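Nothing in this text is a laboratory measurement; each read-out follows from the coordinates by a stated rule. If you're wondering where the values come from, they're calculated on a predicted model, not measured in any experiment. Note that we place each Cβ from the backbone using ideal geometry, even for glycine, and neighbour counts take in every protein chain shown.
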Amino acid sequence: SQQGEEDPQALSIQEGENATMNCSYKTSINNLQWYRQNSGRGLVHLILIRSNEREKHSGRLRVTLDTSKKSSSLLITASRAADTASYFCATAVYTDKLIFGTGTRLQVFP
Amino acid sequence: DAGVIQSPRHEVTEMGQEVTLRCKPISGHNSLFWYRQTMMRGLELLIYFNNNVPIDDSGMPEDRFSAKMPNASFSTLKIQPSEPRDSAVYFCASSHRGSPLHFGNGTRLTVT
C-alpha cells in the first residue's frame, strides 16, 4: 500500500516560474525523500530530509517537512524545460524500507 | 560505476510462461529492492534484501512471484506462471546502509 500522496497530480508551468509539489503521508517516519523520474527511466534521488529537520535546500530545490501535519513540500525555483519529469516523495518508516507516493507530473514549457 | 543494471530492458511473453528478471546492484551496496510500477497502482515495493537475506516480502502479490539473491552482486525476480495483470515496469534498486536508493532503468514486462 502507498504511504504518500502527492498533490497536484499534474502541474504545467512556464520556464522561470516556481513549481511546488506537496506530499502527505500517514504514519511516523524516519526520513522523507524526493525522487525524480524522467520518462522511460529509473528514479533518481534528489534530496533527503530527516524527521527532526524542518527545511533543507539543494541548489534550486527547497524541501520542507511538517511532521505534525504529516506533510512535505518540494519547491523547484526558476524552473527549466529540463525539469520536466515526474516527482515522487518516499517515506522511510524503518531505515531501509522506502514507500513511494503517487507522484506529480511536472511539465515545464519553454 | 555502471549503476544498477537490469536485464532484459523489455520482455514480451505469453500468459502462462515463466519470466525471469535480473538485477546487478551497485558494488558494495548491501540492500536490494524490487519495485513494480503501473499507472493504476503507482510504485509498489515487492521485496527487499539486506546482505542477501530477504527482509520483507509482504509486497509480493502472489505465490507466482519469487525473488532470490544468491550473492551480493545478483538478484532475480521470477513470475511463474505469468498473467496479463503482471504487465508493468519492474525496477530494481540498491543502497548502502540506509542511504538513498539507486535505481536501474527497469524492465518493461508485457504479458499477452
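Taking the stretch B:1-26 as the range and being surrounded by 12 or more Cβ atoms within 10 Å (Cβ to Cβ), in a strand (DSSP E or B) and not β-branched (V, I, T) as the test, the residues that pass are B:Q6, B:S7, B:E11, B:L21, B:R22, B:C23, B:K24.
Residues in the stretch A:75-97 that are assigned to a helix (DSSP H, G or I) and within 16 Å of the chain's Cα centre (by Cα): A:D83 alone. Say we look at the stretch A:80-99 and pick out the residues that are among the hydrophobic types (A, V, I, L, M, F, W, C) and surrounded by fewer than 24 Cβ atoms within 10 Å (Cβ to Cβ); which of these is farthest from the other protein chains (Cβ to nearest Cβ)? Out of the qualifying residues, it is A:A81. Taken over the stretch B:69-89, the criterion of being part of a strand (DSSP E or B) and more than 17 Å from B:S31 (Cα to Cα) is satisfied by B:K78, B:I79, B:A88, B:V89.
Search the stretch B:20-46 for residues being within 11 Å of chain A (Cβ to nearest Cβ) and of a type in the set (G, A, S), and hand back the single one that is farthest from A:Q37 (Cα to Cα). My answer is B:S31.
Residues in the stretch B:46-71 that are among the small types (G, A, S) and under 23 Å from A:V44 (Cβ atoms): B:G59 only. Here the strands (runs of 3 or more DSSP E) wholly within the stretch A:1-53 that include at least 1 residues being out of contact with any helix residue (DSSP H, G or I) (no Cβ under 9 Å at 6 or more places or on another chain) and closer than 19 Å to B:R36 by Cβ are A:4-7, A:31-37, A:43-50. From the set of residues in the stretch A:1-37 that are surrounded by fewer than 14 Cβ atoms within 10 Å (Cβ to Cβ), within 14 Å of chain B (Cβ to nearest Cβ) and not hydrophobic (A, V, I, L, M, F, W, C), which is farthest from A:F100 (Cα to Cα)? If we take residues in the stretch A:1-37 being surrounded by fewer than 14 Cβ atoms within 10 Å (Cβ to Cβ), within 14 Å of chain B (Cβ to nearest Cβ) and not hydrophobic (A, V, I, L, M, F, W, C), then A:Q9 is farthest from A:F100 (Cα to Cα).
Please tell me if A:S72 is under 23 Å from B:A93 (Cβ atoms), within 10 Å of the chain's Cα centre (by Cα) and of a type in the set (S, T, N, Q). Considered against the rule, which asks whether it is under 23 Å from B:A93 (Cβ atoms), within 10 Å of the chain's Cα centre (by Cα) and of a type in the set (S, T, N, Q), A:S72 comes out as yes.
Scanning the stretch A:100-110 for residues that are more than 8 Å from chain B (Cβ to nearest Cβ) and surrounded by 20 or more Cβ atoms within 10 Å (Cβ to Cβ), which turns out nearest to B:S99 (Cα to Cα)? The qualifying residue nearest to B:S99 (Cα to Cα) is A:T104.
Condition check ((1) in contact (Cβ under 8 Å) with a residue 40 or more places away in the chain; (2) surrounded by 14 or more Cβ atoms within 10 Å (Cβ to Cβ)) across all residues:
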site	(1), (2)
B:E62	no, no
B:M69	no, yes
B:A72	yes, yes
B:Q80	yes, no
B:R85	no, no
B:V89	yes, yes
B:P100	no, yes
B:T112	yes, no
